[in-house]
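Trainee: Starting off with a structure, shown below.
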Amino acid sequence: MNSRRRFINQSALFSGSLLIPGFLKAWEHETQILPQGKVVVVIQLSGGNDGLNTVIPVRNDIYYRERPVLGIKKSNSLLLNEEAGLHPSLPGFQSLYNEGHLSVINGVGYPNPDRSHFRSMDIWQTASDANEYVYTGWLGRFIDANCSGCDHPSQVLEMDDTLSLALKGEVQKGIALKDPVRLYRAAKEKFYTDLSASHQ
């Protein structure tokens, strides 16, 4: 089983994955997961993250001075270049970086932050300005614009209890589910296969 298929099948958070309509059928094939189109995988970690110990500024004296205990030594980090390294528990990310499949963007934020976690999440999920309140998400607006009249409603899936604001459009919305394997099995039941065949 290749690593992308393993990730899709086992991921705890597979948020906002833009899939082709035949996404369930594609899982049956070992060698070809998604035979056409492109897939965007958004991994949203909603809990707190220590960014300085995730991407470590290994040549920054201030980092080591202010973190005499928490700071991760350059020799223990997984070096990306002369300036930065990754936490030692992220060798997979280092491999992706070395292969050119991962980029690091530091210092992402918005002007005049109010330091509210909840407001920051709204801004991230809606792609709005800090002084603007929007009730549709950036992925939701994308599917409104690009998936009107799509044959299948399963263009966007989120692995979570509830649907994030990011996946809510004015008209189209994603689907939130916790168990993709259960969805796959349900879709294979005779009732649904007969129903699908009658609408082709």
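The values are calculated or read from the model by the stated rules, or taken from the named source; none is laboratory data. From a predicted model like this one, the values you see are computed outputs, not experimental measurements. Counting neighbours? That spans all protein chains shown, and the Cβs are built from the backbone with ideal geometry, glycine included. These area figures cover heavy atoms from the full protein model, side chains too; ligands, DNA and RNA do not enter into them. Shrake-Rupley method; radii C 1.70, N 1.55, O 1.52, S 1.80 Å.
Trainee: Would you point out the residue of the stretch 99-118, among those that are more than 30 Å from GLU132 (Cα to Cα) and either of a type in the set (D, E, K, R) or surrounded by 10 or more Cβ atoms within 10 Å (Cβ to Cβ) (or both), that is farthest from the chain's Cα centre (by Cα)?
Mentor: In this case the residue turns out to be GLU99.
Trainee: Kindly provide the set of residues from the stretch 33-72 that are in a loop (DSSP other than H, G, I, E, B) and at pLDDT 90 or above, ordered by number.
Mentor: VAL58, ARG59, ASN60, ARG67, PRO68, VAL69, LEU70, GLY71, ILE72
Trainee: Out of curiosity, is LEU70 open to solvent by 60 Å² or more (accessible area, probe 1.4 Å), touching a residue at least 12 places away in the same chain (Cβ under 8 Å) and in contact with a strand residue (DSSP E or B) (Cβ under 6 Å, 6 or more places away or on another chain)?
Mentor: Here the answer is no, as LEU70 does not meet what is asked.
Trainee: Please pick out the residue among ASP144, ASP194 that is in a helix (DSSP H, G or I), surrounded by fewer than 11 Cβ atoms within 10 Å (Cβ to Cβ) and over 18 Å from the mean Cα position of the chain (by Cα).
Mentor: ASP194
Trainee: Could you go through the stretch 82-98 and let me know if any residue there is surrounded by 15 or more Cβ atoms within 10 Å (Cβ to Cβ), out of contact with any Pro (no Cβ under 9 Å at 6 or more places or on another chain) and aromatic (Phe, Trp, Tyr).
Mentor: Yes, the stretch 82-98 has at least one match.
Trainee: Okay, next question. Mind listing just one residue for me: the one in the stretch 149-185 that is in a helix (DSSP H, G or I) and either at pLDDT below 80 or of a type in the set (Lys, Arg) (or both) and, of those, least open to solvent (accessible area, probe 1.4 Å)?
Mentor: PRO180
Trainee: Inside the stretch 73-106, can you point out the residues that are touching a residue at least 12 places away in the same chain (Cβ under 8 Å), farther than 25 Å from SER120 by Cβ and part of a loop (DSSP other than H, G, I, E, B)?
Mentor: SER77, LEU80, GLU82, GLU83, PRO88
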